[in-house]
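Structure, as structure tokens:
Just so you know, all these numbers are worked out from the coordinates, no wet-lab data involved. Computed from a prediction, not measured in an experiment: that's the story for all the values here. No Cβ is skipped: glycine too gets one built from the backbone with ideal geometry, and neighbour counts run over all protein chains shown.
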Amino acid sequence: MAIDRMQTSRFELKYLVSEDAALRIRDFVRGYLDLDEYSACQPNLSYPVHSLYLDSEDLLTYWETINGTKNRFKLRLRYYSLDANSPVFFEIKRRMNNCILKQRGGVRQSMPPQFSCDDFIHLPALAKKLLDPANPAGKFLLARLASETRSMLAVCGNGGQDAELRQRLAKDFNAVLGGPALIECPGFPAVKSRVVERFLKNDSNGVQSNERLNRILIEETFQGEISQWIENPVEFLLRGNYPRRDFLVSRTEKAFVALQRFTEYLHAIRAAPRVHIAYEREAYVNENDSVRVTLDRNVRATPNTAFTPKMEMDDPQYSYRPMVILELKFTDRFPNWFRELVRVFNVMQRGAAKYVSSIQAIGTCPRYGIRAIGAITPVVLEESFNDVD
């Protein structure tokens, strides 16, 4: 059974160690923990981790770390691939005194144009438009619905059949999506809107599909009765829009609440993308994920103020190299063997906040400078406090 990591409260201890020490610590840790599911399938035991950090224009969360604010938070997107089937995790990572609380929701990178049952938000109003003989678009689409669907539309609003009707509408409307372009069908009225015009303008090379265009045309015809199709939920949320449950890979209440709170924090400080951070992670975990050890290498960063995650990096700025960041994480009691690890390898706990070090590296880089990420307040290089990142 997969471990639920969508919300965890834990303690984290950080250390900087040499590569030689990291290899010896690896051997020590493997006596207590197993490689996690991602490290286990990598030949070098490490997998790439990418994060897009959000902050206010004056870098509020950065300065709260520098100032040692006890109760602070960070907003970030965590992702491992830009493949359409790979989720992007919207995360809030809060430090409450010495405890780390993380909430996150995995969001789809793209949404297919097909209708789902949830897309039909006002059934009686939709039924009225479809059944209105004076409505040419409704008349056109009604003729393409199954007879059972038409019969159920006639009694829509009487209760008892709404769930089945939504299923039938989704099936029938999806069949329409897969057919000819509605904009070229005789009998379907021309829909003039900025949304349609923008879509057609971007379709100059014929890249867009009929399904996508048909979805937009149907939405514009039945505004208010059918949900808007959001092709890129990640960009939609980064721009400050509120989440929908169908954006989630796993539609749990916990994940949806995390997305809602992420949006609230984003609005509270007017956060926007600032920095793209990447590194390679070697991770070990116990059976119930209550104890975790990670070794992070090659921490690097570039400015990214776009509303889309990236994988590539142009002239990345490195932090901590050639050192390795060792993190010891636990949810309940401090494991006795952690104490033994610290004693045997003589490691000293210290702050190693990737976000803070990346801001400082970018801020002092001649090519970028701090204004590359939109900051107004000058960055003063200081020793960072022990932090979340």
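Listed values, structure above:
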| read-out | value |
| --- | --- |
| Highest average packing first - 298-305, 129-136, Cβ atoms within 10 Å | 298-305, 129-136 |
| Ratio Rg/Rh [Cα only; Rh per Kirkwood] for region 117-229 | 0.97 |
| Segments 48-54, 107-113, 333-339, 283-289 sorted - mean Cβ within 10 Å per residue, highest first | 48-54, 107-113, 283-289, 333-339 |
| For the chain, convex hull volume per residue from C-alpha positions, Å³ | 177 |
| Cys41-Gln167 pseudo-label distance in nm [points 7 Å out on the Cα-to-Cβ vector] | 3.3 |
| Summed side-chain charge close to Leu141 - residues other than Leu141 whose Cβ falls under 11 Å, Lys, Arg +1, Asp, Glu -1 | +3 |
| Value of D in µm² per second that Stokes-Einstein yields for region 15-74, Kirkwood Rh from Cα pairs, at 20 °C (1.002 mPa s) | 142 |
| Viscosity 1.002 mPa s, temperature 20 °C, Stokes-Einstein D of region 246-353 from Kirkwood C-alpha radius, µm²/s | 124 |
| In sequence order, calculated HN-Hα J values of region 90-100 (Karplus, 6.51, -1.76, 1.60; Hz; x Gly/Pro) | 8, 10, 10, 10, 10, 9, 10, 6, 9, 9, 9 |
| Ascending count of other beta-carbon atoms within 10 Å, so fewest first, for Cys156, Cys41 | Cys41, Cys156 |
| Rounded to 10°, Cα long-axis angle of helix 253-269 versus longest principal axis of the chain | 80 |
| Principal-axis tilt of helix 210-221 within the chain, Cα atoms, nearest 10 degrees | 70 |
| In nm, spacing of pseudo-spin labels at Gln260 and Trp337 (7 Å Cα→C-beta vector) | 4.1 |
| Helix-only [θ]222 nm of the chain, DSSP H runs n ≥ 4, -39500 (n - 2.57) each, per residue, nearest 500 | -9000 deg cm²/dmol |
| Using alpha-carbon coordinates, inclination of helix 336-345 to the longest axis of the chain, degrees | 60 |
| Volume per residue of the C-alpha convex hull in region 1-115, rounded to whole Å³ | 182 |
| Set of lysines near Lys354 by C-alpha distance (under 24 Å), chain-local residues within fewer than 8 positions excluded | Lys14, Lys70, Lys74, Lys93, Lys102, Lys310, Lys329 |
| FRET efficiency, Ala268 to Ala84 (Cβ-Cβ, R0 25 Å, nearest 0.05) | 0.20 |
| FRET efficiency for Asp132 and Arg10, using Cβ-Cβ distance with R0 set to 45 Å, rounded to 0.05 | 0.20 |
